[in-house]
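Notes follow the structure.
Just so you know, all these numbers are worked out from the coordinates, no wet-lab data involved. Everything numeric in this text was worked out from a predicted model, so none of it was measured. Glycine also receives a Cβ, built like all others from the backbone with ideal geometry; neighbour counts cover every protein chain displayed.
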Amino acid sequence: MKDIIQQLIQQAIEGLISNKTLPPVTLPSIKVERTRDPSHGDLACNIALALAKSSGLAPRELATLICENLPANQLILSTEIAGPGFINFFLAKTAKTDVVLQILEQAACFGHNQQGHDEAGKPRNAQVEFVSANPTGPLHVGHGRGAAVGDSICRLLSASGWNVTREFYYNDAGQQINNLATSVQLRCQGVGPDDSQWPEDGYRGEYIVELAADYMAGKPINGALALAEANNSAAIRDYAVAYLRNEQDIDLKAFRVGFDVYSLESALYSEGKVDSTVAALIANGFTYEADGALWLKTTDFGDDKDRVMRKSDGSYTYFVPDVAYHLGKWQRGFKTVINEQGADHHSTITRVRAGLQALNVGIPKGWPDYVLHQMVTVMRDGVEVKISKRAGSYVTLSDLIEQVGCDATRYFLVARRADSQLTFDIDLALQKSNDNPVFYIQYAHARVCSVMRQAVEKWKPFDLTIGKEHLNLLTSDAELALLKTLAAYPDCVASSARDFAPHNVASYLRDLAANLHAWYASGSQQKEWQLLVADDTLRNARLTLAEASRQVIENGLELLGVSAPEKM
């Protein structure tokens with residue numbers, strides 16, 4: 001409907017220009033938005049304000065001319081000029097109920113769009129990197145937030161026509177891996193954290209004990225051999241990384257998250273990609289040596305100071321392999337790249353982008369895109385939960401999944417803006433009440449499924465044909481509110497994909513569930529839900545609306561990786 005109104009407005013303005021009522025002006029983008037207040041109509045447009053200056057007319061005068069010259073359309077009941085020059089559109093009833101027919105026709109594809117397609121109508125490629133946890137321990141709740149947000153972004157992009165590649169980047173090189181290998185080796189030798197040999201940065205979780213025991217027992221894992229040699233540091237290192245990568249994969253599978261590509265930091269070194277990237281930066285004149293170190297002129301690209309690339313001991317700082325890694329993404333043909341990472345990566349964004357610019361290979365400024373998530377505080381019984389028995393120092397993702405389930409974990413971790421801090425209340429996530437948003441939404445879906453079963457048991461099978469033909473009977477305030485919310489779903493999907501903002505889908509689903517429950521409550525004075533009236537025609541019209549609502553809830557939950565149960 002928004003597209004139709006945009007076309008009608010464009011035709012009206014072009015007609016005004018053609019008959020010289022308006023001067024030949026450049027038409028700006030015509031934005032039609034849904035109104036929040038029903039008294040302001042169903043849709044509104046600010047085109048008169050945007051075009052007033054170039055047209056030489058006052059906004060309200062221009063808005064009046066546009067309304068008077070709109071081509072007739074039976075879907076528009078009336079228009080009005082509001083405020084400084086907004087045009088409000090009141091839709092005919094058929095325009096409001098048409099969304100039900102669209103939902104039933106498109107089913108699981110309702111809400112999908114093609115903003116990810118190119119001019120030829122083919123899907124463009126997008127790469128999303130997320131989680132990318134160091135293989136030094138079980139995934140913690142922060143990784144879980146990254147997984148929920150990143151995977152939902154992928155689902156949104158796919159629903160918007162993109163060909164999405166999901167990628168996990170393993171930081172399997174560097175000092176943290178050295179600390180891991182040392183910790184495991186000491187455990188293999190019978191040395192614990194209380195011993196003076198234990199390094200200050202060693203890993204102390206119970207999982208290190210389990211890992212060392214499996215290695216010494218000769219238990220192979222994920223392609224790595226367990227040589228059971230306590231003094232073989234290289235073998236222990238390889239085994240530890242493979243062991244923890246396998247554990248992370250198990251946790252992610254339980255979280256309904258999968259990847260198409262796994263990249264290794266160690267491969268960037270072994271394949272010479274880090275050295276070749278550094279050589280290119282030197283050749284391009286964006287480096288210099290000082291104090292025995294090699295520096296990158298990141299200030300040439302907006303950084304507050306230059307950054308060390310190669311330290312005096314010959315090792316590279318951590319952002320250098322990131323530059324090499326992202327160069328590889330560009331070389332693989334990904335012009336759209338989104339990195340979903342923790343907020344602690346904020347300091348690296350400028351220097352990684354600076355390094356990519358300094359390579360002078362055509363990478364645009366501001367590439368890649370980043371979505372950074374803030375910390376998660378886990379609460380139980382009103383007290384912050386800080387540690388896991390197994391991990392020793394943090395709450396693991398598997399802890400949350402075990403306690404509250406995958407659905408609640410995914411929904412809670414994605415329900416707020418990624419860049420806002422999140423409190424995960426375990427007690428709330430376990431509640432079976434309207435206070436628990438994921439329960440509230442899933443119950444709305446299950447409630448419709450229950451009504452459909454009741455209709456068959458009490459009356460007779462649901463007749464979709466009758467329902468479609470008599471949608472004009474849906475006239476109550478609750479029904480009109482529900483229809484309006486259903487019509488807003490495609491816009492929600494499109495904007496959420498464009499802004500990498502899956503929390504908006506979570507918010508939309510709460511609103512839709514509220515409308516559906518309100519409709520249910522509006523018939524509470526009867527002994528049965530108002531859907532199940534004796535009149536066949538009216539009952540089937542209402543059941544048709546209920547089925548459309550159920551379908552949209554299922555579609556939205558799918559974008560968040562949350563199930564839509566039929567019974568609760």
**Cα-centre dipole for segment 2-91 with unit charges at Cβ (Lys and Arg positive, Asp and Glu negative), debye to 20** = 200
**For segment 2-91, Kirkwood radius (reciprocal of mean inverse C-alpha pair distance, Å)** = 12.9
**Asked** Considering only Cα-Cα distances, which of the following residue pairs are longer than 27 Å: LYS20/LYS484; LYS273/LYS335; LYS122/LYS329; LYS93/LYS432; LYS2/LYS122?
**Response** LYS20/LYS484; LYS93/LYS432
**Complete:** Taking a ≥ b ≥ c as the square roots of the Cα gyration tensor eigenvalues, with a/c under 1.5 meaning rounded and otherwise prolate when a/b beats b/c or oblate if not, segment 184-256 comes out oblate
**Request:** Counting other Cβ atoms within 10 Å, keep those with at most 11, restrict to DSSP loop, and tell me which GluC sites (Glu not before Pro) in segment 107-207 are left.
**Result:** GLU119, GLU200
**Request:** Count the net charge of all other residues whose Cβ sits under 14 Å from the Cβ of ILE81, scoring Lys and Arg as +1 and Asp and Glu as -1.
**Result:** -2
**Complete:** Here the relative contact order (percent) of the chain, from C-alpha pairs under 8 Å and at least 6 apart, is 15
**Overall Cα dimensions of segment 437-559 - principal axes, largest extent first, Å** = 46, 28, 24
**Message:** I want the antiparallel fraction of DSSP beta bridges within segment 47-197, as a percent rounded to 5.
**Reply:** 60
**Prompt:** Can you give the helix-only mean residue ellipticity at 222 nm for the chain, where every DSSP H stretch with n ≥ 4 adds -39500 (n - 2.57) and the sum goes over all residues, rounded to the nearest 500 deg cm²/dmol?
**Reply:** -15000 deg cm²/dmol
**Item:** Residues whose placed amide H lies under 5 Å from that of GLY342, excluding near-sequence neighbours
**Value:** HIS373
**Complete:** The percentage of Cα-Cα pairs in segment 110-258 separated by more than 26 Å is 39
**Request:** Apply the Karplus parameterisation 6.51 cos²θ - 1.76 cosθ + 1.60, with θ equal to phi minus 60°, to every residue of segment 206-211 and state each ³J(HN,Hα) to the nearest whole Hz, in sequence, with x for glycine and proline.
**Result:** 4, 5, 5, 5, 4, 4
**Message:** Could you sort the peptides 100-108, 142-150, 17-25 by per-residue average Cβ neighbour count (10 Å cutoff), highest mean leading?
**Reply:** 142-150, 100-108, 17-25
**Message:** Can you pull out the trypsin sites (Lys or Arg not before Pro) in segment 342-428 whose DSSP state is coil and whose Cβ has at most 13 other Cβ atoms within 10 Å?
**Reply:** LYS365, LYS386, LYS389
**Local electrostatic count, LYS311, Cβ distance below 13 Å [Lys/Arg +1, Asp/Glu -1]** = -1
**Fill in**
Given backbone amide H placed at 1.01 Å from N, residues whose amide H is under 5 Å from that of HIS117, ignoring those fewer than 5 places away on the same chain, are ARG124
**Prompt:** Once phi is turned into θ = phi - 60°, what whole-Hz ³J(HN,Hα) does the Karplus curve with 6.51, -1.76 and 1.60 give for every residue of segment 445-455, x standing for Gly and Pro?
**Reply:** 5, 5, 4, 5, 4, 5, 5, 4, 5, 4, 4
**Complete:** In terms of the alpha carbon gyration tensor, root eigenvalues a ≥ b ≥ c, rounded if a/c is under 1.5 and otherwise prolate when a/b exceeds b/c or oblate, segment 416-459 is prolate
**Item:** Net +/- balance of residues flanking ALA408 in space, Cβ distance below 15 Å, scoring K and R +1, D and E -1
**Value:** +1
**Request:** For the chain, give the share of DSSP beta bridges that are antiparallel, in percent and rounded to the nearest 5; count only bridges with both residues there.
**Result:** 55
**Message:** Given all pairs of different Cα atoms, what value in angstroms does the Kirkwood hydrodynamic radius of the chain take?
**Reply:** 27.5
**Request:** For segment 55-105, state which chymotrypsin sites (Phe, Trp or Tyr not before Pro) are in a DSSP loop and have at most 10 other beta carbons lying within 10 Å of their beta carbon.
**Result:** none
**Asked** Once the Cα gyration tensor of segment 309-406 is found, what semi-axes does its equivalent ellipsoid get, as square roots of 5 times the eigenvalues, in whole Å, sorted largest first?
**Response** 36, 18, 12
**Request:** State the extension gain, in nm to one decimal, for the chain segment bounded by ASP381 and LYS311, taking 0.36 nm per residue of separation less the distance between their alpha-carbons.
**Result:** 20.4 nm
